[in-house]
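Have a look at the structure below before the remarks.
The values are calculated or read from the model by the stated rules, or taken from the named source; none is laboratory data. Keep in mind that what you see is a predicted model, and the values were worked out from it rather than measured. With ideal geometry, Cβ positions are generated from the backbone for all residues, glycine too; neighbour counts draw on all protein chains shown.
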Amino acid sequence: MICSPDVPFWYLAGAGNMGTLAACYLRAAGFPVALPRRDGGPPAPLRKTLTFEDGRAPLALELPAAPAAPIRHLVVACKTPYSDAALADLPLAPDVTVLRLQNGLGSLDGRLPEGADLIEVVTTSAVKGRHPSHHLVAENQTWMGRARGGPAPAWFQTLARHWPGLEWAEPIRDRQWRKLVANAVINPLTGLYDVANGRLLEDPELSARARRLADEADTLLGALDPAWPGGSWDQVAAVAAATAGNTSSMRADMQRGAGTEIDAINGWLLREARRLGLELPAHREVVAAVRGRTLSAP
Ligand code: KPL
């Protein structure tokens with residue numbers, strides 16, 4: 001297998017829906033992709049299929065388990081509560097490139113070498129399913145950008161030719177903040193009320209709660225950057241309308257009794273608010289409610 005800065009060897013941490021999508025397109029671009037083999041881990045490759053809504057032929061993916069020599073290129077696509085476990089004992093090179101395909105912000109802070117090149121991935125695509133069958137429900141735009149800013153690496157152009165809707169974003173921050181607010185409003189409310197995303201626009205109580213969360217997020221983001229344009233409620237409402245029939249990822253996690261991404265989503269907003277001495281009562285309430293799986297009447 002050819003390996004050069006233009007043909008990187010990618011390891012994948014988190015072979016769920018988003019990890020499978022990334023692995024399929026990295027492989028389509030001609031890059032090797034493997035799972036880091038841990039002591040005692042299964043040597044057999046993981047086999048998966050990705051199917052499409054638009055009639056494209058399904059993609060078959062075989063992910064070998066390769067010994068993790070110093071890892072120079074890593075995709076982190078596990079759910080945020082499992083980041084520590086996914087990175088535990090991985091021999092990361094001091095200048096490892098990491099593609100972070102996760103909801104929320106800050107989930108890898110303090111977990112990567114100082115010299116790591118963290119590339120944030122923001123996608124509006126949706127993949128559903130469970131190992132080994134994954135289905136691309138909606139293929140929309142995906143942006144990648146360096147957390148510290150900067151131009152696209154050499155391999156990016158090759159990948160963008162094989163990943164529909166993929167663009168480089170410099171800076172990536174505003175796209176991350178937009179996605180963060182959509183997740184901070186839609187995910188906890190749909191999880192707590194156990195409803196599809198579109199219900200947020202139909203139920204007056206839910207709409208009022210959603211608006212309050214969006215407005216509080218704008219207050220914080222405006223305090224972090226006075227140039228933040230606000231208008232989050234309109235953006236969130238557009239996402240809820242476009243995904244009206246969907247089960248949000250947090251609702252799905254709560255239905256399965258799995259860990260949620262609340263700490264990386266609303267928790268990030270609360271941590272930033274505390275740093276600035278701001279109060280976000282609606283976010284504090286949903287964080288407590290998701291952790292305790294309850295929500296009292298407004
Ligand atoms: O990203 C999502 C999620 O469920 O995590 C949204 C945008 C809310 C779509 O369901």
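Residues checked against (1) without any contact (Cβ under 8 Å) to a residue 12 or more places away in the chain; (2) touching a helix residue (DSSP H, G or I) at 6+ places or on another chain (Cβ under 9 Å); (3) more than 24 Å from residue 263 (Cα to Cα):
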{"residue": "153", "(1), (2), (3)": "no, no, yes"}
{"residue": "159", "(1), (2), (3)": "no, yes, yes"}
{"residue": "163", "(1), (2), (3)": "no, yes, yes"}
{"residue": "167", "(1), (2), (3)": "no, yes, yes"}
{"residue": "170", "(1), (2), (3)": "no, no, yes"}
{"residue": "184", "(1), (2), (3)": "no, yes, no"}
{"residue": "189", "(1), (2), (3)": "no, yes, no"}
{"residue": "192", "(1), (2), (3)": "no, yes, no"}
Only listed residue being outside any loop (DSSP other than H, G, I, E, B) and either of a type in the set (Gly, Ala, Ser) or under 22 Å from residue 176 (Cα atoms) (or both), chosen from 44, 22, 57, 15: 22
Can we say residue 240 is assigned to a helix (DSSP H, G or I), within 14 Å of the ligand (Cβ to nearest atom) and out of contact with any strand residue (DSSP E or B) (no Cβ under 8 Å at 6 or more places or on another chain)? yes
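Among residues belonging to segment 27-48 that are out of contact with any helix residue (DSSP H, G or I) (no Cβ under 6 Å at 6 or more places or on another chain) and closer than 12 Å to residue 15 by Cβ, point out the one that is modelled with the lowest pLDDT.
Looking at the filtered set, the residue picked out is 45.
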Residue within segment 52-71 that is β-branched (Val, Ile, Thr) and over 14 Å from residue 131 (Cβ atoms) present: yes
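Can you find even one residue in segment 205-220 that is among the β-branched types (Val, Ile, Thr), more than 13 Å from the ligand (Cβ to nearest atom) and touching a residue at least 24 places away in the same chain (Cβ under 8 Å)? Lay out the reasoning, then the answer.
So in segment 205-220, the residues among the β-branched types (Val, Ile, Thr) come out as 219.
From what is left, the residues that are more than 13 Å from the ligand (Cβ to nearest atom) are 219.
From what's left, touching a residue at least 24 places away in the same chain (Cβ under 8 Å): 219.
Yes, segment 205-220 contains a residue that is among the β-branched types (Val, Ile, Thr), more than 13 Å from the ligand (Cβ to nearest atom) and touching a residue at least 24 places away in the same chain (Cβ under 8 Å).
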If residue 253 satisfies all but one of (1) farther than 25 Å from residue 175 by Cβ; (2) assigned to a helix (DSSP H, G or I); (3) at pLDDT below 95, what's the number of the condition it fails? (1)
Please state which of the following conditions residue 88 fails to meet, knowing it meets all the rest: (1) at pLDDT 95 or above; (2) at negative phi. (1)
What's the number of the only condition in (1) in contact with an Asp or Glu (Cβ under 8 Å, 6 or more places away or on another chain); (2) more than 16 Å from the ligand (Cβ to nearest atom) that residue 169 fails to meet? (1)
Within segment 127-141, work out how many residues are polar (S, T, N, Q) and over 17 Å from residue 61 (Cβ atoms). 2
Which pairs do you get when a residue that is over 10 Å from residue 37 (Cα atoms), found in segment 58-70, comes within reach of a residue that is of a type in the set (Phe, Trp, Tyr), reach meaning Cβ atoms under 8 angstrom, with the pair 6+ apart or on two chains? 58/52
What number of residues within segment 52-73 satisfy the criterion of being touching a Pro at 6+ places or on another chain (Cβ under 8 Å) and surrounded by 16 or more Cβ atoms within 10 Å (Cβ to Cβ)? 7
Looking only at segment 260-282, which residues are under 14 Å from residue 104 (Cα atoms) and not hydrophobic (A, V, I, L, M, F, W, C)? 260, 261, 263, 266, 267, 271, 272
Can you tell me which residues in segment 74-105 are of a type in the set (Gly, Ala, Ser) and surrounded by fewer than 16 Cβ atoms within 10 Å (Cβ to Cβ)? 85, 88, 93
Filtering segment 259-292 for residues that are in a helix (DSSP H, G or I) and hydrophobic (A, V, I, L, M, F, W, C) leaves a count of 11
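Quick grid of which residues meet (1) loosely packed, with under 14 Cβ neighbours inside 10 Å; (2) in contact with a His (Cβ under 8 Å, 6 or more places away or on another chain):
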| position | (1), (2) |
| --- | --- |
| 200 | no, no |
| 216 | no, yes |
| 239 | no, no |
| 246 | no, no |
| 255 | yes, no |
| 259 | yes, no |
| 262 | no, no |
